[in-house]
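To start, the structure itself, in structure tokens.
The values are calculated or read from the model by the stated rules, or taken from the named source; none is laboratory data. Keep in mind the model is a prediction, meaning the values are calculated, not measured. Note: ideal-geometry Cβ built from the backbone for every residue, glycine included; neighbour counts use all protein chains shown. Note: areas computed on protein heavy atoms with side chains; ligands, DNA, RNA excluded. Shrake-Rupley method; radii C 1.70, N 1.55, O 1.52, S 1.80 Å.
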Amino acid sequence: MPYETRTLIGAGFFSPKFCPGAPIRLPEPAFRGRTTDGSIMDKLELIKAFGAFFAIMNPFVNLPIFLSQTEGYTDAQQRSLAIKVSVYAVLMCGVILLVGNQIISFFGISVDQFRVAGGAVLAHIAWTMLNGAAAASHHGNG
């Protein structure tokens, strides 16, 4: 593994032989090719994004809702509608993935504020589920 030498001024006990300012060898960064603004997405981040989108969309819960809302449709109509909805969902996820930060910045919202608001919404949903309150979406025709 290649090493680079950096001088840490005032490193104290972390420098070799307790000599402040002595050069020490540190390993190179693990992610080569990453820009400082984080514009290049690596595979792990892409997997995390896919997992988050999968959890948010939750196809196992949405399938019965879709089937109840399209009860009078033929199989061909249901299939066509499912493809359209899937394409629109993928497009929206792509837009949010690529320019979502700029969109919320336009409205003066930081990512941390958005996370807190999302956590509050999820906490409300979880509390409602724990209390056993009926939701219109669980009955098909709300």
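Considering segment 39-125, the qualifying helices (runs of 4 or more DSSP H), each wholly inside and each with 3 or more residues that are over 15 Å from the mean Cα position of the chain (by Cα), run over 59-69, 75-106.
Met57 meets all of the listed conditions (1) open to solvent by 60 Å² or more (accessible area, probe 1.4 Å); (2) modelled with pLDDT of 85 or more but one, namely (2). Whenever a residue of segment 116-142 is farther than 30 Å from Gly72 by Cα, its partners that are at pLDDT below 80 and of a type outside the set (S, T, N, Q), lying with C-beta atoms within less than 8 angstrom and at least six residues away or across chains, give the pairs Thr128/Ala135.
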